[in-house]
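The values are calculated or read from the model by the stated rules, or taken from the named source; none is laboratory data. Just so it is clear, the structure is predicted and the values come from calculations on it, not from any experiment. Positions of Cβ are generated from backbone atoms using ideal geometry, with glycine treated the same way; all protein chains shown enter the neighbour counts.
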Amino acid sequence: MADETLATPGALGGDPAAPSEAASLDTPSPQAGFPPQTEPVPPAGGGQIGFDNILDISVDVQILLGRIAMPVSKLVNLSKGEVIELNRRIGEPLDILANGNLIARGEIVILNEEEATVGISLVEVVPGRSERNPA
């Protein structure tokens with residue numbers, strides 16, 4: 001196996017104060033496409049970003065029916081018709097996640113029997129981060 005020592009300033013007999021080639025590979029530079037930014041960049045057009053702008057941002061909302069951990073060997077051998085046991089019981093509230101963060105819990109409700117559509121009725125809203133850890 002080849003010698004894998006890292007070049008450090010002065011290791012090859014050069015000036016210890018001079019930056020080494022190895023150091024330049026690990027240190028991002030403005031030329032790497034990420035210029036240093038010391039002040040916030042104003043929005044295009046000089047306007048202010050207000051709360052109304054934030055309300056238009058899409059959020060991924062998921063309803064978590066349950067979880068289970070299983071080895072890959074069992075996962076790859078699953079076939080049609082098999083039942084996977086989850087960590088929830090019938091009647092337990094389901095977790096409602098926004099961008100992967102728990103925001104509420106709810107119960108499944110039937111919205112339209114003819115069309116077989118369901119929804120979630122909120123039973124608990126989880127306090128936000130600022131409400132859980134007041135400053």
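Being in contact with a strand residue (DSSP E or B) (Cβ under 8 Å, 6 or more places away or on another chain), within 29 Å of Arg105 (Cβ to Cβ) and not polar (S, T, N, Q) is not true of Asp56. Of the residues screened, Val59 is not one that is among the β-branched types (Val, Ile, Thr), modelled with pLDDT under 70 and in a loop (DSSP other than H, G, I, E, B). Scan the stretch 69-103 for residues that are closer than 30 Å to Val125 by Cα and β-branched (Val, Ile, Thr) and the total you get is 4.
Contact annotation: residue pairs with Cβ atoms under 9 Å, 6 or more positions apart or on different chains, pairing a residue in the stretch 35-61 that is within 22 Å of Asn101 (Cα to Cα) with a partner that is modelled with pLDDT of 80 or more and assigned to a loop (DSSP other than H, G, I, E, B), are Val59/Asn99; Asp60/Asn99; Asp60/Gly100; Val61/Asn99.
Would you mind stating whether Gly13 is more than 30 Å from Ile120 (Cβ to Cβ), exposed (fewer than 10 other Cβ atoms within 10 Å of the Cβ) and at pLDDT below 90? When the stated conditions are applied, Gly13 passes them. Of the residues making up the stretch 77-90, not a single one is assigned to a strand (DSSP E or B), surrounded by 10 or more Cβ atoms within 10 Å (Cβ to Cβ) and among the hydrophobic types (A, V, I, L, M, F, W, C).
Here Glu107, Glu114 are screened, and the one residue that is of a type in the set (Asp, Glu) and not in a loop (DSSP other than H, G, I, E, B) is Glu107.
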